[in-house]
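The values are calculated or read from the model by the stated rules, or taken from the named source; none is laboratory data. Small disclaimer: the values here were computed from a predicted structure and weren't measured. All Cβ positions, even for glycine, are placed from backbone atoms using ideal geometry, and neighbour counts span all protein chains on display.
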Amino acid sequence: MDPKEMKELRELIEFLKANEIAEFDLEKDGLKVRLTFAGTNPPPPPAPAVPFDMARLMAAFQGQHPSGSYAAVPGQSGEMAAAAAPAPPPPVEEKHHIVKSPIVGTFYESPSPGSPPFVKIGDTVEVGQVLCIVEAMKLMNEIESDAAGVIVERFAQGGQPVEYGQSLFSIKPQ
């Protein structure tokens with residue numbers, strides 16, 4: 001490397017440090033450079049894509065085969081394919097009212113981080129009372145109770161993505 005290239009490399013390193021970039025690869029004119037800065041954590045690998053409603057898909061698939069076993073996903077054992085499917089919510093007594101998400105978004109149980117949840121299991125709620133927030137496209141949508149009663153179960157966790165029609169709360173009517 002000539003002095004000009006070394007100077008450019010030093011400037012690049014300073015730029016990467018200033019912008020807190022943990023890893024960098026460069027290939028130029030047959031020269032390959034890979035920089036990994038000590039004391040930094042590389043970004044986590046991306047999460048595997050999850051199909052739209054895996055529980056419903058797996059239940060439908062299981063119903064088609066008399067054995068009731070799951071078919072192996074290529075590269076996975078049957079046990080791993082079954083373990084990859086999210087567990088469906090436990091069955092709820094028919095007399096309970098289920099509040100479902102009217103939109104796709106992110107579930108939040110409280111108005112802001114660190115504040116108490118809108119409701120918790122055992123709370124008595126009225127029609128129109130805010131139960132949670134579902135964030136969609138940077139809009140915070142308050143989800144209100146459409147039944148009066150006692151909260152007996154919460155199906156979603158804070159920060160968890162929810163789908164349209166997904167069960168959020170179970171309310172025992174009074």
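Overview of values
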| item | result |
| --- | --- |
| Residues (surrounded by 13 or more Cβ atoms within 10 Å (Cβ to Cβ) and under 21 Å from Glu163 (Cβ atoms)) located in region 120-139 | Val130, Leu131, Cys132, Ile133, Val134, Glu135, Ala136 |
| Selected residue (criterion: modelled with the lowest pLDDT) from residues of region 2-43 that are in contact with a strand residue (DSSP E or B) (Cβ under 9 Å, 6 or more places away or on another chain) and either among the hydroxyl-bearing types (Ser, Thr, Tyr) or at positive phi (or both) | Thr40 |
| Every residue from region 115-129 that is assigned to a loop (DSSP other than H, G, I, E, B) and either of a type in the set (A, V, I, L, M, F, W, C) or farther than 13 Å from Gly158 by Cβ (or both) | Phe118, Val119, Ile121, Gly122, Asp123, Glu126, Val127, Gly128, Gln129 |
| When residues of region 130-174 are limited to those that are charged (D, E, K, R) and part of a strand (DSSP E or B), the one nearest to the chain's Cα centre (by Cα) | Glu135 |
